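Engineer: Have a look at this one before I ask anything.
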Amino acid sequence: MENRFLFLRRHVMFTLCTLYQPPLNNTQNISIPEGISKFNNIHYLCSKFNPMEDNYQLITKTAAGLEDVLVREIKALGAKNVRPMHRAVICEGNKELMYRINYEVRTALKVLKPFKTFTAKNDDELYKKVQEINWCELLRTDQTFCIDAVTSGRFFTHSQYASLRMKDAIVDQFRDVYGIRPNINTLNPDLRISLHIREDKVTLLFDSSGESLHHRGYRKQVDKAPMNEVLAAGLIQLTGWKADCNFLDCMCGSGTLPIEAAMYAMKIPPGYYRKQWGFMKWDDYDAELWQRIRQEADEKICDFDYEIWASDRSPKAVAIAEGNINYAHLQHDIHLMKKDMHDLTPPEGGGIVIINPPYGDRLEEDDIDQLYEEIGHTLKHNFQGFQCWLITDDAVALRHVGLKPTAKIPVWNGPLECRFVRFDIFEGSLKDKKAREAEDNN
Ligand SMILES: C[S@@+](CC[C@H](N)C(=O)[O-])C[C@H]1O[C@@H](n2cnc3c(N)ncnc32)[C@H](O)[C@@H]1O
């Protein structure tokens, strides 16, 4: 049997004949008709494009709160018709852009390529519509697959059940045709499929990333409550830091923020340490194009003229951070210390500080309010001239910092709704600063 998955000519023919409306001119900017909600954009826009053409829609997923950063990153790669969605960005793209986002975009979690849209109002309809797809053209019986489902709306209330029905439809088709079926592998499948349902609108997408892109490959060990690498990269960009001053994280845990800061400052691509992507198992995998994209991105790696400091009071955290920093070959670029934040003398010249203190129910602190009070005191007295940012989900503890925030950005750390809060620590009082600024303006 010679079934191959993805993008073969016969698949193109099959798909064109059976699945899609006639393709639109892919370069045109499609306007979304009134009545199509933001959440149905994915279904609507994907139904208007033909993924077998050179240009198609790409959906890039991210964490809630980072959509605008992701839009900027994707636009910087030259993508067209880039639109923010909820926890995702949709844009027009092709294979080259799909590879580039996978390798170069710091706030991307997944890059998905839509291949089929239809409507279904119940499990049986879903099963029937999935069976209409010729899966034997997409998968071989000796290959593995898995389905990640996201459902919302009235008709499909259990995402796991929807993915099970879709799985049944696929394996039943194989059993009927060959008497055997491809197996499920949730960790490292040959084909990862994303099932997206909003109300009765179903979109099936191929997952070109495979394992989520926050798995950069440099974090060999983690301490308690490690930050997601994509969130860390997003927070760094949300501060507006342009790698034009020092960077400090004085509660660095496993070292995620300083490592992401160093990668950002030195233009080390986020995929630099990673080895596997989902599209590498696709039949249309273009190793030459992939090599070229990596080489072009790697050629931009540069030096950083300021300092990156990482410290933590826990010896275990510092040992883990050291291992990760060494693995990323950043030991000469990140100055790592075991220090209580309150004993740290920051570098001359000011800079930016990002702190991810203990919060949520993942870390037990004896007195969280006191910890935040001490953070505020230390920032005020030891970090003059610094722009300090703190992420927390604990609104009560945050008040104990005792400093007036100059910005508050809502972001999500996994299931936790957080605030990313900025404090500008001036030399002298705010009144002195305003007087100095007034003088400068005269
Ligand atoms: C939520 S974890 C940080 C996780 C880190 N962002 C990462 O990605 O792994 C909080 C860290 O704050 C550290 N910490 C708590 N109080 C501290 C203090 N007073 N000085 C320095 N580190 C402190 C803890 O040891 C812990 O590693």
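Engineer: Just wondering, is there one or more residues in the range 337-348 that are over 21 Å from LEU238 (Cα atoms), part of a strand (DSSP E or B), aliphatic (A, V, I, L, M) and under 29 Å from the mean Cα position of the chain (by Cα)?
Structural biologist: Yes, because at least one residue in the range 337-348 is over 21 Å from LEU238 (Cα atoms), part of a strand (DSSP E or B), aliphatic (A, V, I, L, M) and under 29 Å from the mean Cα position of the chain (by Cα).
Engineer: Right, another one. Do we have ASP333 as at pLDDT 95 or above, buried (at least 20 other Cβ atoms within 10 Å of the Cβ), closer than 21 Å to MET227 by Cα and charged (D, E, K, R) here? Don't jump to the end; show me each part of the working.
Structural biologist: Values: at pLDDT 95 or above: yes; buried (at least 20 other Cβ atoms within 10 Å of the Cβ): yes; closer than 21 Å to MET227 by Cα: yes; charged (D, E, K, R): yes.
Taking the combined requirement at face value, the residue satisfies it.
Table: residues versus (1) farther than 18 Å from SER209 by Cα; (2) out of contact with any Gly (no Cβ under 8 Å at 6 or more places or on another chain).
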| site | (1), (2) |
| --- | --- |
| ALA287 | no, yes |
| GLN291 | no, yes |
| GLU296 | yes, yes |
| ASP305 | yes, yes |
| ILE320 | yes, no |
| ILE325 | yes, no |
| ILE334 | yes, no |
| ASP340 | yes, yes |
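Engineer: Now for a separate question. Can you report the number of residues in the range 277-321 which are under 23 Å from ASP207 (Cβ atoms), assigned to a loop (DSSP other than H, G, I, E, B) and more than 25 Å from the chain's Cα centre (by Cα)?
Structural biologist: 1
Engineer: What's the number of the only condition in (1) part of a helix (DSSP H, G or I); (2) crowded, with 21+ Cβ neighbours inside 10 Å; (3) of a type in the set (Ser, Thr, Tyr) that TYR127 fails to meet?
Structural biologist: (2)
Engineer: Restricting attention to the range 53-78, which residues are over 24 Å from GLU260 (Cα atoms) and over 16 Å from the mean Cα position of the chain (by Cα)? So that I can check it myself, show each step before the final result.
Structural biologist: The first filter runs over the range 53-78 and keeps only residues over 24 Å from GLU260 (Cα atoms), leaving 53-58.
Answer for the range 53-78, where residues must be over 24 Å from GLU260 (Cα atoms) and over 16 Å from the mean Cα position of the chain (by Cα): GLU53, ASP54, ASN55, TYR56, GLN57.
Engineer: Next up: Pull up the range 338-397, narrow it to residues that are among the acidic types (Asp, Glu) and either over 22 Å from ILE409 (Cα atoms) or more than 14 Å from the ligand (Cβ to nearest atom) (or both), then point me to the one that is modelled with the lowest pLDDT. It would help to see each step written out before you state the result.
Structural biologist: Taking the range 338-397 as the starting set, the residues that turn out to be among the acidic types (Asp, Glu) are 340, 343, 348, 361, 364-367, 369, 373-374, 393-394.
This time we only want the ones that are either over 22 Å from ILE409 (Cα atoms) or more than 14 Å from the ligand (Cβ to nearest atom) (or both), so: 340, 343, 348, 364-367, 374.
On the way: ASP340: 97, ASP343: 97, GLU348: 93, GLU364: 57, GLU365: 60, ASP366: 67, ASP367: 86, GLU374: 96.
Ranking the candidates gives GLU364 first.
Engineer: A further question follows. Does PRO269 qualify as being buried (at least 24 other Cβ atoms within 10 Å of the Cβ) and in contact (Cβ under 8 Å) with a residue 12 or more places away in the chain?
Structural biologist: Numbers: buried (at least 24 other Cβ atoms within 10 Å of the Cβ): no; in contact (Cβ under 8 Å) with a residue 12 or more places away in the chain: yes.
It is false that PRO269 is buried (at least 24 other Cβ atoms within 10 Å of the Cβ) and in contact (Cβ under 8 Å) with a residue 12 or more places away in the chain.
Engineer: If you don't mind, there's one more thing I want to ask. Could you go through the range 134-143 and let me know if any residue there is touching a Ser or Thr at 6+ places or on another chain (Cβ under 9 Å), in the same structural domain as LEU77 (by TED's automatic domain parsing) and assigned to a helix (DSSP H, G or I). Spell out how you get there, then give the answer.
Structural biologist: From the range 134-143, those touching a Ser or Thr at 6+ places or on another chain (Cβ under 9 Å) are 134, 137; that's our starting set.
Subsequent filtering for residues that are in the same structural domain as LEU77 (by TED's automatic domain parsing) retains 134, 137.
Retained after the next criterion (residues that are assigned to a helix (DSSP H, G or I)): 137.
For the range 134-143, residues touching a Ser or Thr at 6+ places or on another chain (Cβ under 9 Å), in the same structural domain as LEU77 (by TED's automatic domain parsing) and assigned to a helix (DSSP H, G or I): present.
Engineer: Taking the conditions exactly as written (under 23 Å from the mean Cα position of the chain (by Cα), hydrophobic (A, V, I, L, M, F, W, C), more than 16 Å from the ligand (Cβ to nearest atom) and under 29 Å from GLY350 (Cβ atoms)), does ILE325 satisfy them or not? Outline the logic, then answer.
Structural biologist: Details: under 23 Å from the mean Cα position of the chain (by Cα): yes; hydrophobic (A, V, I, L, M, F, W, C): yes; more than 16 Å from the ligand (Cβ to nearest atom): no; under 29 Å from GLY350 (Cβ atoms): yes.
Criteria not met by ILE325.
Engineer: Taking the range 290-317, which residues are in contact (Cβ under 8 Å) with a residue 12 or more places away in the chain and more than 21 Å from TYR273 (Cβ to Cβ)?
Structural biologist: We begin by selecting, within the range 290-317, every residue in contact (Cβ under 8 Å) with a residue 12 or more places away in the chain; these are 290, 293-294, 297-298, 300-304, 306-317.
Residues satisfying the conditions are TYR306, GLU307, TRP309, SER311, ASP312, ARG313, SER314, PRO315, LYS316.
The values are calculated or read from the model by the stated rules, or taken from the named source; none is laboratory data. Note that this is a predicted model, so its numbers are computed, not measured. All Cβ positions, even for glycine, are placed from backbone atoms using ideal geometry, and neighbour counts span all protein chains on display.
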